[in-house]
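What follows draws every value from the coordinates through simple rules; no lab data is involved. All of these numbers come straight from a predicted model, not from anything done at the bench. Here the Cβ is made from the backbone with ideal geometry for all residues, glycine too, and neighbour counts use every protein chain on show.
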């Protein structure tokens, strides 16, 4: 009996050890699927369900440790202040809906878990994490190219405005998500020593840019060009290389304009659209309660061009409407702290990927993204993903210079 007991004990220990080894790979795989969920699933609620039922459940085991190790980061503290105030502002929303406020609280916890999981994975094995990001970038590139082929196989090319495959609800959201992947692809391309992979990634960047172009997403297209030019200017030490890269990008824009003039014509014909009257009405409503706002779960209602809108079509104005001057100040503080730390990290590690992601996000949010604390849509990739990377990397115990070929280019930590 004693021998059998020892054997059973040994078996339990072996199973536990195997489980500990397998768990990080399961979490890494789930995390990667979530990043690609915008293209894998068809219904817009599926990424949220996948995160809640798979990623979050697995992440429970690393949640407390991740928060404990990252909460002192300035960006985390600024984020916590912003989230806390907006949730509190839900108490003076009209009408006060405890169910919706509970939903927002749940989403806030999910965002915190997303940061904790990102931190755990980057600390567990940085190399594996970045290989996962590379794979997700290639999957996104395939999805972008497939979207173009599938859509225009049944629609007039190129004047018809592109709509991508996946779970996002409009082309602007697709362009925003693909814009983040474009910056990752460019970072991987610059770091990779393998010429075939470098060429493949540059084609991926081209596919992401084409989604914004054929989708006539003017803000995303312009913001991506700004972010890419800034990224190349910061990453390419030799000025002549930056001039060459800039010339190549401008040549690509000219080529798109000359080859597909209908796209530019259609985008210009749309003119200013309905955003100016929407902003005007949202501003009028916001200044009626300028200090504390209308409340986080209150729904904005705007009539413009004989249409009804429930978003300000401007993230900054939306925060001002919901949280007043206090909420907007906290959000701008969060953005400022994040950009400052991303710049500091970029100078230290000679990698400005995260910094340029924030440039892209700051520009895009001028005409879109209704609220950041929401179910996983474009805002999670646009804002929470670079914030999670920033907090995770700067909270890392590894402070060595970058030697990897990946966008974060840090040594793997096991």
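In whole percent, what relative contact order does segment 25-394 give with Cα contacts below 8 Å and a gap of six or more residues? Intermediate results must be reported in sequence, preceding the final value.
Values: 505 pairs, mean separation 91.5, N = 370.
Reported relative contact order: 25 percent.
With the crude spin-label approximation of a point 7 Å out along Cα→Cβ, what separation in nm comes out for residue 350 versus residue 280?
Using points 7 Å along Cα→Cβ, the separation is 5.3 nm.
For a test of the definition: using alpha carbon positions, the gyration tensor, and the 1.5 limit on a/c, classify segment 85-243 as rounded, prolate or oblate.
Values: a/c = 1.99, a/b = 1.34, b/c = 1.49.
Judged from the Cα gyration tensor, segment 85-243 comes out oblate (a/c at least 1.5, b/c at or above a/b).
Rounded if a/c is under 1.5, else prolate if a/b is larger than b/c, else oblate: which is segment 1-150, with a ≥ b ≥ c the root eigenvalues of its Cα gyration tensor?
Working: a/c = 2.02, a/b = 1.32, b/c = 1.53.
Oblate, because a/c is 1.5 or more while a/b does not exceed b/c.
Rounded to the nearest 0.05, what FRET efficiency do residue 98 and residue 343 give with R0 = 60 Å and r taken as the Cβ-Cβ distance? Could you check? Show your work: numbers first, answer last.
Values: r = 41 Å, r/R0 = 0.68.
Step by step, r from the Cβ atoms, then E = 0.90.
Taking the beta-carbon count within 10 Å as an exposure proxy, list 370, 43, 378, 97 from fewest neighbours to most. Intermediate results must be reported in sequence, preceding the final value.
On the way: 370 20, 43 10, 378 26, 97 16.
Ordered by Cβ neighbours within 10 Å, fewest first: 43, 97, 370, 378.
Pairs of alpha-carbon atoms within less than 8 angstrom and 6+ residues apart define the contacts here; what relative contact order does segment 85-192 have, in percent? Intermediate results must be reported in sequence, preceding the final value.
Values: 36 pairs, mean separation 21.5, N = 108.
Relative contact order comes out at 20 percent.
Can you give me the distance in nm between label points at residue 80 and residue 222, each placed 7 Å from the Cα along the Cα-to-Cβ direction?
My value for the distance between the label points is 3.8 nm.
So how far apart, in nm, are the two label points at residue 200 and residue 329 if each is 7 Å from Cα heading toward Cβ?
Placing both labels 7 Å beyond Cα along the Cβ direction yields 5.1 nm.
Want the number for residue 20 to residue 251: 0.36 nm per residue separation, take away the alpha-carbon distance, what's left? Could you put the intermediate results ahead of the total?
Details: separation 231, 0.36 × 231 = 83.16 nm, distance 5.13 nm.
My answer for the length gained is 78.0 nm.
Segment 25-394: D in µm²/s via Stokes-Einstein (Kirkwood Rh, Cα pairs, 4 °C, 1.567 mPa s)?
In µm²/s, the coefficient is 61.
Just check segment 43-108 against the gyration tensor rule for me: Cα atoms, a ≥ b ≥ c as the square roots of the eigenvalues, rounded for a/c under 1.5, and otherwise prolate or oblate depending on whether a/b exceeds b/c.
In terms of gyration-tensor shape, oblate.
Find the relative contact order for segment 130-232 and round it to a whole percent, using C-alpha pairs within less than 8 Å whose residues are 6+ positions apart. Please list the in-between numbers first.
Values: 105 pairs, mean separation 33.1, N = 103.
After rounding, I find 32 percent.
Can you give the extra length, in nm with one decimal, that the chain gains between residue 131 and residue 150 once fully stretched, where that is 0.36 nm per residue apart less the Cα-Cα distance?
In short, 4.0 nm is gained.
Between residue 308 and residue 61, what is the FRET efficiency for a Förster distance of 51 Å, r being their Cβ-Cβ separation, to the nearest 0.05?
Numbers: r = 45 Å, r/R0 = 0.87.
Approximately 0.70, to the nearest 0.05.
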